[in-house]
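Chemist: Take a look at the following structure, please.
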Amino acid sequence: MVDNDNHNSNGNKSSNHKKKKTKTKRGGSKRKMSAEQCVAFKAVAEWVCLNQRPPYLSTAASCLVDDFGVQKSSGRGGGRIVFDLHCHSNHSDGFLSPSKLLERAHGNGVKVLALTDHDTLSGIPEAIEAAGRFGIKIIPGVEISTIFSPRCSGNHELEEPVHILAYYSSCGPSRVEELDKVLSNIRDGRFLRAKEMVLKLNHLKLPLKWEHVARIAGKGVAPGRLHVARAMVEAGYVENLKQAFSRYLHDGGPAYSTGNEPRSEEAVQLIHDTGGISVLAHPWALKDPVAVVRTLKSAGLHGIEVFRSDGRLSVYSDLADSYGLLKLGGSDFHGRGGKSESEVGSVNLPVMVLHDFLKAARPIWCDAIAGILQMYADDPSETNLARITRFWRMRQSKDSIIGTGGKDMIDHCLSLWLTAEERQQSAAGFEAIRGKLSSVSIT
Ligand SMILES: [Zn+2]
Ligand SMILES: [Zn+2]
């Protein structure tokens with residue numbers, strides 16, 4: 001729950017969540033993977049190692065798991081594959097640049113990282129560039145700020161901010177303009193909202209300056225509550241961030257203001273329409289997680305976060321089970337420092353969880369990739385080529401496709417993005433696109 005909008009907004013919340021938390025103790029025993037876990041591990045490893053030297057493929061048999069199916073390192077390097085599916089850079093309210101974040105993730109043994117900045121994908125290209133240096137795979141992600149209002153209640157007090165994570169294919173979202181429009185609208189709303197919060201603080205006789213908040217957020221970053229809170233601490237109006245939230249900035253607080261967030265259901269639908277997997281972030285920060293999950297499930301939600309660095313939270317795991325949702329999780333690392341922050345790569349996701357996630361995500365991502373390539377086949381314009389190469393590493397995009405034919409480019413893309421099995425499954429579709437592009441030459 002450590003993020004922009006749910007950051008220590010009051011002391012009760014954190015004591016509540018301590019009560020609710022049922023930490024799963026990890027067994028000390030190590031044992032060999034079951035046959036099912038071995039198959040899952042191989043499938044996950046194959047996807048992780050696409051276009052990389054495959055150091056994991058041979059190690060499945062020797063990899064050990066604990067009582068909960070979390071991979072245990074068997075000696076140095078081990079063969080464990082660490083995913084972190086939730087973290088922030090300074091493209092939203094994180095403190096580290098995407099490059100620094102990747103360096104840190106690499107130091108912690110992360111092999112797959114979803115960068116999920118608030119309401120922007122702008123950090124992804126730098127993350128991908130840096131990830132290439134460390135042999136890390138990036139899942140392009142975003143954490144979308146939304147508002148949940150219970151149906152038919154008409155009671156605004158029951159409204160609450162809900163964060164929804166979206167995970168996309170290596171090629172990024174399909175219909176990217178649609179997503180960008182919603183995200184930029186949210187970001188614009190945040191500027192207005194942050195300005196309004198500053199104004200309210202000024203009326204409360206705290207002469208905080210807008211420039212101060214903007215400076216803390218950094219150039220081009222949409223300021224959030226946390227940035228306002230940091231400015232308040234720096235200006236000496238409060239002792240710490242917690243006090244800024246508990247006295248002024250909490251939901252409905254004297255300096256609180258709302259922005260342009262879409263309704264939670266609309267965001268889930270948008271993620272669905274743009275070829276992503278949607279996951280409810282930190283349900284433990286919600287007033288009524290069951291109502292949110294029930295409504296969002298019917299809007300097409302794929303999963304909820306149930307794993308944190310302190311283990312699996314059984315309350316939310318049970319909730320996921322009763323609604324047939326994927327169980328996921330990540331560190332929500334911001335690079336703030338401090339003892340309470342979970343380190344990037346500190347969440348242990350069992351191999352079956354990773355497998356289920358990829359099993360759900362890959363057909364969706366595969367369709368999104370086919371859609372993006374099809375657009376280019378129908379109209380080989382520069383704009384449509386840019387959609388394909390949007391998240392390519394610089395070197396890769398420049399050297400590898402200029403002067404080649406459209407067919408070669410498709411083959412190059414598919415070898416980067418899809419496993420052999422996926423290519424085979426959708427062979428007919430991609431063959432048609434290749435055929436269409438046989439006469440196209442990329443300049
Ligand atoms: Zn969040
Ligand atoms: Zn977050």
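Nothing in this text is a laboratory measurement; each read-out follows from the coordinates by a stated rule. Here the structure is a predicted model, which is why all the values come from computation and not from measurement. Ideal geometry is used to build each Cβ from the backbone, glycine not excepted, and the neighbour counts take in all protein chains shown.
Chemist: If each of Y323 and Q243 carries a label point 7 Å out from its Cα toward its Cβ, how far apart are those two points in nm?
Modeler: Label-label distance for Y323 and Q243, simple model: 3.8 nm.
Chemist: Further, regarding this structure: What is the ratio of the Cα radius of gyration of segment 214-300 to 2.2 N^0.38 Å, where N is its residue count, to two decimals?
Modeler: 1.37
Chemist: While we're here: Once amide H atoms are built 1.01 Å from N in the peptide plane, which residues 5 or more positions from L328, or in another chain, come under 5 Å H to H?
Modeler: I304, E305, V306, F307
Chemist: Which of F391, F148 comes first, and how do the rest follow, when ranked by fewest Cβ neighbours within 10 Å?
Modeler: Arranged by neighbour count, lowest to highest, F391, F148 become F391, F148.
Chemist: May I ask you to order 276-289, 97-110, 374-387 by the average number of other C-beta atoms within 10 Å around their residues, highest value first?
Modeler: The peptides rank, most packed first, as 276-289, 97-110, 374-387.
Chemist: What number comes out for the charge environment of S122, summing +1 per Lys or Arg and -1 per Asp or Glu over other residues with Cβ under 12 Å away?
Modeler: -1
Chemist: Would you mind ranking F41, F191 by Cβ crowding within 10 Å, fewest neighbours first?
Modeler: Lowest count first: F191, F41.
Chemist: Let me ask another. Quick one: if you stick a label point 7 Å off each Cα along the C-beta vector at S34 and D180, how many nm between them?
Modeler: 4.6
Chemist: Another question about this same structure. Counting Lys and Arg as +1 and Asp and Glu as -1, what is the net charge of the other residues whose Cβ lies under 14 Å from the Cβ of R247?
Modeler: Within the 14 Å Cβ shell, the charges total +2.
Chemist: Mind checking the full-extension length gain between A420 and E266? Use 0.36 nm per residue of separation minus the Cα-Cα distance, one decimal, nm.
Modeler: Length gained between A420 and E266: 52.0 nm.
Chemist: Sort I216, I139 so the one with the fewest other Cβ atoms within 10 Å of its own Cβ comes first.
Modeler: I216, I139
Chemist: Still on this structure, I have one more. Please compute the modelled spin-label separation between A299 and K219, points set 7 Å along Cα→Cβ, answer in nm with one decimal.
Modeler: In this crude spin-label approximation the distance works out to 3.6 nm.
Chemist: Next question. If you take every residue apart from S331 with its C-beta less than 9 Å away from the C-beta of S331, what net charge results, scoring Lys and Arg +1 and Asp and Glu -1?
Modeler: -3
Chemist: Let me ask you something else. Beyond a 20 Å Cα-Cα separation, which of these cross-linked pairs lie in this structure: K32/K327; K287/K339; K100/K219; K100/K359; K42/K137; K32/K359?
Modeler: K32/K327; K287/K339; K100/K359; K32/K359
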